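Shown next, in structure tokens, is the structure this report addresses.
The values are calculated or read from the model by the stated rules, or taken from the named source; none is laboratory data. Everything numeric here is computed off the predicted structure, so don't read it as measured data. When we count neighbours, we look across all protein chains shown, and the Cβ atoms used for this are built from the backbone with ideal geometry, even at glycine.
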Amino acid sequence: MFVLAILLIVTAVVLGVVGRSRAGGLKVWAALAGVAGVGFGVVSCVYVVSAYEVGVPVLFGKIGAPLTSGMHLKTPFTEVTSFSTRPVDLNLNDKDVVEVRSSQGGVLYADVTVKWAVTPANAVELYRLAGSQDAIQERLVLPDSREIIRNVFAKHKSEEGYASGRQTIAAEIEAQIKERLKPRGIDVTNVNLRNVRPSDQLQQQIDKKLQQEQATERAVEAARTAKAESERRRIEAEGIARANGILERSLTDRVLRNQCIDAFKEAAKANPVYAVPCGSGSDGTPVIVDGTRN
């Protein structure tokens with residue numbers, strides 16, 4: 001823009017000189033070119049930093065103090081590189097998904113989003129390290145985040161990564177990324193471990209292990225059921241044996257004889273005279289029951 005301003009001013013001077021010796025509207029065009037050249041020159045000396053941005057001025061290789069949001073005066077040869085102070089998302093998924101290994105050697109794939117922003121006070125240092133917003137993400141945030149994610153997963157078992165310890169792993173990753181990038185002037189506001197999925201080979205191992213565990217559980221349950229049934233039968237047999245023992249001790253010959261007589265008294269109601277031997281041995285005499293007599 002400054003070069004354009006110089007060209008317009010030179011054009012205005014040339015048109016003004018030529019316009020003196022000729023009649024016509026060259027003087028008007030000279031005036032317009034001069035005004036435009038001055039306007040472009042003024043604009044080239046002004047730089048506006050947008051809200052939620054910080055600018056780093058560079059004049060002939062020398063880095064100046066960072067520029068906060070607002071309008072600033074600068075020399076026409078000063079170049080300003082802007083950095084956004086709003087959080088930026090680094091999405092590690094799809095083709096950029098992080099391949100990690102657990103402490104057992106299983107391969108998993110982690111989808112992670114790192115939300116980061118430039119600290120305005122460290123804009124100059126970040127300019128020296130990277131040079132631009134995109135370069136900060138590619139050279140600093142991305143490689144450090146990948147390294148930390150892999151290191152954290154390497155300390156945990158496979159099942160912790162996709163199930164039981166996922167929240168713990170996510171907290172460790174977030175804490176370590178913040179600790180690594182904060183001294184460089186990068187403020188990590190959030191790390192979201194969105195999804196963790198095992199590789200096909202690891203998934204087959206998981207399915208096989210689950211099948212083995214289910215088979216073991218069924219075998220244990222069958223053994224427990226058989227043991228319970230055996231205990232029930234033992235208790236039932238012991239109860240029957242005790243009952244038979246009590247019954248055997250209580251059934252004397254006299255009791256049996258009385259029961260026999262009572263039974264055939266009931267039979268004599270249908271048959272007026274009914275005779276049957278009761279008892280056994282030498283005492284087994286016949287008993288005649290006459291139902292017609294009281």
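Looking at the structure I just gave you, is Thr225 exposed (fewer than 14 other Cβ atoms within 10 Å of the Cβ), over 33 Å from the mean Cα position of the chain (by Cα) and β-branched (Val, Ile, Thr)? Full working, then the answer.
Details: exposed (fewer than 14 other Cβ atoms within 10 Å of the Cβ): yes; over 33 Å from the mean Cα position of the chain (by Cα): yes; β-branched (Val, Ile, Thr): yes.
Yes: the conditions hold for Thr225.
Only one residue in Val118, Val114, Val107, Val141 is under 20 Å from the mean Cα position of the chain (by Cα), at pLDDT 90 or above and of a type outside the set (Asp, Glu), so which one is that?
Working: Val118 fails: under 20 Å from the mean Cα position of the chain (by Cα); Val107 fails: at pLDDT 90 or above; Val141 fails: under 20 Å from the mean Cα position of the chain (by Cα).
Being under 20 Å from the mean Cα position of the chain (by Cα), at pLDDT 90 or above and of a type outside the set (Asp, Glu) holds for just one of Val118, Val114, Val107, Val141, which is Val114.
Of a type outside the set (A, V, I, L, M), at pLDDT below 90, touching a helix residue (DSSP H, G or I) at 6+ places or on another chain (Cβ under 9 Å) and part of a helix (DSSP H, G or I) - does that describe any residue in the range 163-182?
yes
Output the number of residues of the range 77-118 satisfying the condition of being surrounded by 15 or more Cβ atoms within 10 Å (Cβ to Cβ), part of a loop (DSSP other than H, G, I, E, B) and in contact with a helix residue (DSSP H, G or I) (Cβ under 9 Å, 6 or more places away or on another chain).
Summing the residues that are surrounded by 15 or more Cβ atoms within 10 Å (Cβ to Cβ), part of a loop (DSSP other than H, G, I, E, B) and in contact with a helix residue (DSSP H, G or I) (Cβ under 9 Å, 6 or more places away or on another chain) in the range 77-118 gives 3.
For the range 127-148, does any single residue satisfy the condition of being in contact with a Phe, Trp or Tyr (Cβ under 7 Å, 6 or more places away or on another chain), crowded, with 21+ Cβ neighbours inside 10 Å, in a helix (DSSP H, G or I) and not charged (D, E, K, R)? Outline the logic, then answer.
Let us first name the residues in the range 127-148 that are in contact with a Phe, Trp or Tyr (Cβ under 7 Å, 6 or more places away or on another chain), namely 133, 141.
Checking which are crowded, with 21+ Cβ neighbours inside 10 Å leaves us with 141.
Adding the requirement that they be in a helix (DSSP H, G or I) leaves 141.
Next, from what is left, pick out any that are not charged (D, E, K, R): 141.
Yes: the range 127-148 contains one or more residues that are in contact with a Phe, Trp or Tyr (Cβ under 7 Å, 6 or more places away or on another chain), crowded, with 21+ Cβ neighbours inside 10 Å, in a helix (DSSP H, G or I) and not charged (D, E, K, R).
So the check is Cβ under 6 Å with 6+ separation or different chains; which pairs have a first residue in the range 65-92 that's at negative phi and a second one that's among the basic types (Lys, Arg) and assigned to a strand (DSSP E or B)?
Correct list of pairs: Pro87/Lys115; Asp89/Lys115.
Name the residue that is modelled with the lowest pLDDT, counting only residues in the range 43-94 that are within 30 Å of Arg197 (Cβ to Cβ) and of a type in the set (Asp, Glu).
The first filter runs over the range 43-94 and keeps only residues within 30 Å of Arg197 (Cβ to Cβ), leaving 87-94.
Retained after the next criterion (residues that are of a type in the set (Asp, Glu)): 89, 94.
Numbers: Asp89: 93, Asp94: 85.
Ranking the qualifying residues of the range 43-94, first place goes to Asp94.
One line per residue, one yes/no per condition, for (1) without any contact (Cβ under 8 Å) to a residue 24 or more places away in the chain; (2) farther than 21 Å from Val98 by Cβ; (3) touching a Lys or Arg at 6+ places or on another chain (Cβ under 7 Å); (4) not aromatic (Phe, Trp, Tyr):
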{"position": "Val118", "(1), (2), (3), (4)": "no, yes, no, yes"}
{"position": "Ala123", "(1), (2), (3), (4)": "no, yes, no, yes"}
{"position": "Tyr127", "(1), (2), (3), (4)": "no, yes, no, no"}
{"position": "Gln133", "(1), (2), (3), (4)": "no, yes, no, yes"}
{"position": "Ile136", "(1), (2), (3), (4)": "no, no, no, yes"}
{"position": "Leu140", "(1), (2), (3), (4)": "no, no, yes, yes"}
{"position": "Asp144", "(1), (2), (3), (4)": "no, no, yes, yes"}
{"position": "Lys157", "(1), (2), (3), (4)": "no, no, no, yes"}
